[in-house]
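Trainee: Before we start, here is the structure in question, set down as structure tokens.
The values are calculated or read from the model by the stated rules, or taken from the named source; none is laboratory data. Keep in mind that this is a model prediction, so the values were computed, not measured. Cβ coordinates were reconstructed from backbone atoms using ideal geometry, including for glycine residues, and neighbour counts include every protein chain displayed.
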Amino acid sequence: MARNKDEAINSYITDMLSLEEHIGKAVRGQLEDLEDYPEVTRDLKQVLRKVEKHVSDLKELSDRRNAKGAADAIKRAGSALLGLGAAAVDLVRTEGLPKNLRDDYTAFSLATIGYVMLHTTALSLEEQEVAELARQHFADYAQAVTLLHNVIPGAVVRFLREEGLPVREDVLPEISRTIEEIWRSQSDQAPRAEETSIGRSR
């Protein structure tokens, strides 16, 4: 049976609420594990405050809209994160700080595209309030992902140094420039939605 407009939007809201709750729980646990890295925990605490605000916003929105389906959404969010984490672990077999930040990047990226989808759904169905909330949360996660771009290389170098490997820390500025140049070049080359084959199929 086809969903109506409210059901379509509410399903995204409950999915994002459950994902945010999973992320908040994971970050809180990491803050306890990473006490020896105060420069990293400072950044993660800043992200956690935003996650907690997102949870509060989504709960309030969900209550006002009488959105249901939280139990199923919790299962979906957990399965998605576990699946993405399992796929990534074969690429980077490290433990400690780099692994924690890699897992954060995975979760934040999932939340980022989730909010793009919620924003698109809400805007295309003329639900301006939901669209604006999704836009703000998307912006918060885009900032968090950018933050990790800058934090993770240093964390990897520190981890390798602690393992006794002869790392060169002077490569970090070059890595930062590479990340910035690649993202900027991709942004300049990326087609707009209306220019893609999907955007034109109307």
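Trainee: Please enumerate the residues belonging to the stretch 165-190 that are polar (S, T, N, Q) and either farther than 14 Å from THR146 by Cα or without any contact (Cβ under 8 Å) to a residue 12 or more places away in the chain (or both).
Mentor: Within the stretch 165-190, THR178, SER185, GLN186, SER187, GLN189 meet the criteria.
Trainee: Could you pull out the residue among PRO191, PRO166 that is at pLDDT 90 or above and either under 30 Å from THR41 (Cα atoms) or loosely packed, with under 15 Cβ neighbours inside 10 Å (or both)?
Mentor: Just one listed residue meets the conditions, PRO166.
Trainee: I'd like the full set of residues that are over 22 Å from SER187 (Cβ atoms) and assigned to a helix (DSSP H, G or I), limited to the stretch 119-154.
Mentor: THR121, ALA122, SER124, GLN128, GLU129, VAL130, ALA131, GLU132, LEU133, GLY154
Trainee: Could you say whether any residue in the stretch 28-37 is buried (at least 21 other Cβ atoms within 10 Å of the Cβ) and free of Cβ contacts under 8 Å to residues at least 40 places away in the same chain?
Mentor: Within the stretch 28-37, none of the residues are buried (at least 21 other Cβ atoms within 10 Å of the Cβ) and free of Cβ contacts under 8 Å to residues at least 40 places away in the same chain.
Trainee: So, in the stretch 113-139, of the ones that are under 15 Å from the mean Cα position of the chain (by Cα) and surrounded by fewer than 19 Cβ atoms within 10 Å (Cβ to Cβ), which residue ends up nearest to GLU7 (Cα to Cα)?
Mentor: In this case the residue turns out to be MET117.
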